Every structure is written in structure tokens, then in C-alpha cells.
1. Where residues in the range B:160-186 are over 19 Å from residue A:186 (Cβ atoms) and out of contact with any Ser or Thr (no Cβ under 9 Å at 6 or more places or on another chain), which of them is nearest to the other protein chains (Cβ to nearest Cβ)?
2. Write out, first by first residue and then by second, each pair whose Cβ atoms fall under 7 Å of each other, whose residues are 6+ apart or on separate chains, and whose first residue, in the range B:28-55, is more than 6 Å from DNA strand C (Cβ to nearest atom) while the second is open to solvent by 60 Å² or more (accessible area, probe 1.4 Å) and not in a loop (DSSP other than H, G, I, E, B).
3. Would you be able to tell me the number of residues in the range B:165-183 that are surrounded by fewer than 24 Cβ atoms within 10 Å (Cβ to Cβ) and among the charged types (D, E, K, R)?
4. Restricting to the range B:35-49, count the residues that are open to solvent by 10 Å² or more (accessible area, probe 1.4 Å) and assigned to a helix (DSSP H, G or I).
5. Of the residues B:52, B:27, only one is more than 30 Å from residue B:190 (Cα to Cα), open to solvent by 10 Å² or more (accessible area, probe 1.4 Å), within 16 Å of DNA strand D (Cβ to nearest atom) and part of a helix (DSSP H, G or I); which?
6. Looking at residue B:63 and the list (1) touching a residue at least 12 places away in the same chain (Cβ under 8 Å); (2) surrounded by fewer than 16 Cβ atoms within 10 Å (Cβ to Cβ); (3) farther than 19 Å from residue B:193 by Cα, which single condition is not satisfied?
7. Please state which one of A:151, A:140, A:196 is more than 9 Å from chain B (Cβ to nearest Cβ), without any contact (Cβ under 8 Å) to a residue 40 or more places away in the chain and crowded, with 16+ Cβ neighbours inside 10 Å.
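The values are calculated or read from the model by the stated rules, or taken from the named source; none is laboratory data. Because the structure is predicted, anything quoted here is derived from the model rather than measured. Note that each Cβ is placed from the backbone with ideal geometry, even for glycine, and that neighbours are counted across all protein chains shown. We work out accessible area using only protein heavy atoms, side chains counted, and drop any ligands, DNA or RNA first. Shrake-Rupley method; radii C 1.70, N 1.55, O 1.52, S 1.80 Å.
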2 protein chains.
Amino acid sequence: MSAKGSETRERILSAAEPLILRQGFAGTSIDDILKATGLTKGAFFHHFNGKGELARALVERYARNDYELFERFSAEAEAATEDPLAQTLHFLTAFEDFIERLREPVAGCVFAAYTYEGLQFDPAIHAFIAQSFRRWSALYEKRFEAVLASYRPARPVTARELADTIMAIVEGGFILSRSYNDPIIVARLSRQFRQYLELLFVSRIGRARSGPGRSS
Amino acid sequence: MSAKGSETRERILSAAEPLILRQGFAGTSIDDILKATGLTKGAFFHHFNGKGELARALVERYARNDYELFERFSAEAEAATEDPLAQTLHFLTAFEDFIERLREPVAGCVFAAYTYEGLQFDPAIHAFIAQSFRRWSALYEKRFEAVLASYRPARPVTARELADTIMAIVEGGFILSRSYNDPIIVARLSRQFRQYLELLFVSRIGRARSGPGRSS
DNA sequence: ACCTCCAAACCGACCGGTCGGTATGTTTTA
DNA sequence: TAAAACATACCGACCGGTCGGTTTGGAGGT
């Protein structure tokens, strides 16, 4: 595939994502996507075997981009402090800043869109999404495990539960954001989760080094 | 409309809801729904002007049922205790029990499904959904306002923020539930929110009467 | 530097099937 | 017996996908 070829492929994908996020996958025809790119059927079926492969490519692209974003916030947090709790709080504020800076009218998660359209996709795609969710969740979980190793929670809680909670808050936040047409509600919800963490982890275990910096 | 007529209408609706929750609205054809009921086109278009009206009827039905459920849990909570915080915690545990007792393989929220299919619906439907979300949220909000009137939160928080948070947790929980095929994850997430409330509201304002009963 | 040539990239007309919707007829119920 | 309730055949539009053809771009030969 030449440079121009893969550029066209990317053009199709980046035109398809917002359309599907707004109209659903079944509600978005191939012609809709092509109209948005100025291309035609020939180009589409040269780069994709069919609509199903487009679905697969889209979800993989989304997973890749999201993972990179996660790693960026993670690196930023690790550069800022050594304390695992402070790192996690820093991570969340970085995420909140990102959401607030987004000027897109409505955000959304491709995984969630697919999850609610269900059966019409290849089971392999659903497996990939579930795996992506778990992988994403595992990144959070790792953070919370580090926190739990240094702090005694005020209530019994597992790293897994905390990871699932922030994931649900973000996914549910997108739904509310879309329905309310409120672009920054996800950031406000993340702030609630941060408060939960702050209330949960107030006492350190063993020899203290440096507590977490108070976040705004 | 006769008794049999409205029964048929209801049969169509209750057959359509799970299908749409599994395949999406655009991904579910009228024939799919009719095949599930044993009826034919004639019956469908006798009771609905078109697919759009089915969408409207479905979302209204869902809103009605959800509201009733909410009121049921609410009455149960108010019968159990007078303390606003204890009532709210009781409400949440009742909701958790409900989720855990559900034996449906996949749960889901019609509002969320519509929200991710977006543009293909009448704007009036989206307005109705947003209004339903807000009305639902207002019920939570009223509870939290009562709590805030009796308890001083450990961190600054508004009733609105708490209402949005539990709504997001439930909506996001459904997405995770579907993707993971885990029917009770929503209950576990609700429990996290309960813990947040317990940590947030530890000190009463003014003369104490009776603290909230510790929930399991 | 220029031509050759071929594969990748892309076009656009077309096909079969499906979907939402209609028209008309038949049965059931009050 | 009339209206409500439902069945059935059918239509036009659209959608995913195919196919033969044209353009483009770059590697290789001279």
C-alpha cells in the first residue's frame, strides 16, 4: 500500500467515525461516508473488503488512539510525582483538562456505540471490544493496586472495583454529555470520582514519604 | 382502541424493545419485530403510523416503566427510615437487589441506545429523552438536597453533581455489563457510589436525631 | 532523460436484496 | 353491520457489494 493509498484509507476512517458516532453504524451508509470524503465505491472497496471490515478497522483505530492518550496522561503523571495516589489524581486532572479543551460538539466512545448496536457485528469485534475494555481497565487497575499498596482505604475496596467505576463514569458521562449537549460534564463527573479517591485514601501504610499534593 | 387492540400494540412494543436493545434501532427491521410476534405488516401499521412512531412509543413506555420503578424504590426507602441519608442508601440497595435479581442476559437503557444512534431520530425524541434524563436526575437530586440539608459533606458537592454521578455510573455500568456479559456489575458499581456517599456524609448538621443504619 | 509497463488507486454504472411503507382485502368484535 | 383488527401482495427507494474500466505513479530498461 502506497503512502497515498493509506492516506485515503485514513481519510475514510476519520470521516466514518464521527458519522457513526452520530447516526449509529447501521444508520450510516457507505455512500454517506463516501460523500463526506468525495471518494466513490471503488476507492472504498479497494481499501476494505466490506462494511464489516470498516467496523473492525474503526474500533482498532479507536483502541490505538485511546491507548496512546492514556499513556500520554500516564507519563505526564509519573513525571510529576512519585506517590501513586498523587499520580492517579494527576492523571485524572489531565484527563479532565483534555475533555474541557475538546471543542467537539458531542463526544462519544466507539466501543459504547458498538455495544449498543450489538448483534449486527461480528462476534470477533465484540470480543475485541471487551478485550479493549479490559485492557483499558487493567491500566487503571494497575494504578489503583499501587495506591492500595501505599494507602489503607477507609472502606474495603479492590483495584478492580475502582477501575470499573471510573470506566463506567466516563462511559455514562458520554451518554449524558450527548443527551444534554453538555461537552464538559464528563470532566465534572471525573472530579467526583477524584473526591471519592481522596476520601477513600487518607491514611498511608507504614513509613510515610510524601503525601499526595492536593489537587484543585 | 379495544382491549385486544392495545394488547397487540403492547405485544409489538415488548417484542421490539429487547430486539432494539440488542441490534440497535436502525439494525432492527419492522419485519424482525413482526416475526417475533407472529403478526404482519397490517397489524403494525394499524397501531403505528411508521417506524418513527414506534421509536417514540418505545421511549415513552420505557420512561414510564422506569419512573414507576423509581417511585417503588423510593416508597420502600421512605417506609424504612426517616433519615434522608439512610433513605438514599436504602434506595440504592433496593436498586442493587433489583439488578442482581434480574436474570436477563443483557440489560440496557433505551435512552442510551437512542443517544448513540443519534441523528436518525426525530429531534423531538431526543428532547424527550433529555427531558426524561433530567426528570430522572431531578428525583435523585431531590434526595441529595435533603441529605445536604441534614449533613455537612466532607468535600464541597452539589446535589446535582451527585445525581449526575449515579446516573452516569448506571448508564456506563450497562455498557460494561453488556460488553463483559456480566449481569450484576451495575450493582457492584452502585455499591461504590454508596461508599462515596458514606464517606462524604459523616457529620450531621445541628441536633442529631438518628444516624443512618449501616448498610451491608 | 525518456519511454515502457504494470500494479495500485480510483471511478461509476449496475445488481440483487432488503426495508419502510401502501393498498386492498379478509376476519373479528362490539 | 360497521368499524376495528389483522393479513397479504406489492412498490419504490436505498443499501451493500460487484465489476469492468480508467487514471496514476513509480520501478526498470535503454
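1. Here the residue is B:180.
2. From residues that are more than 6 Å from DNA strand C (Cβ to nearest atom), the pairs are B:34/B:41; B:37/B:11; B:47/B:9.
3. The number of residues fulfilling the criteria is 1.
4. 9
5. B:52
6. (2)
7. Of the residues listed, the single one that is more than 9 Å from chain B (Cβ to nearest Cβ), without any contact (Cβ under 8 Å) to a residue 40 or more places away in the chain and crowded, with 16+ Cβ neighbours inside 10 Å is A:140.
Each row is one residue, and each column tells you yes or no for (1) of a type in the set (Ser, Thr, Tyr); (2) closer than 23 Å to residue B:97 by Cα; (3) at pLDDT below 95; (4) touching an Asp or Glu at 6+ places or on another chain (Cβ under 6 Å).
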| site | (1), (2), (3), (4) |
| --- | --- |
| B:168 | no, yes, no, no |
| B:180 | yes, yes, no, no |
| B:194 | no, yes, no, no |
| B:204 | no, no, yes, no |
| B:207 | no, no, yes, no |
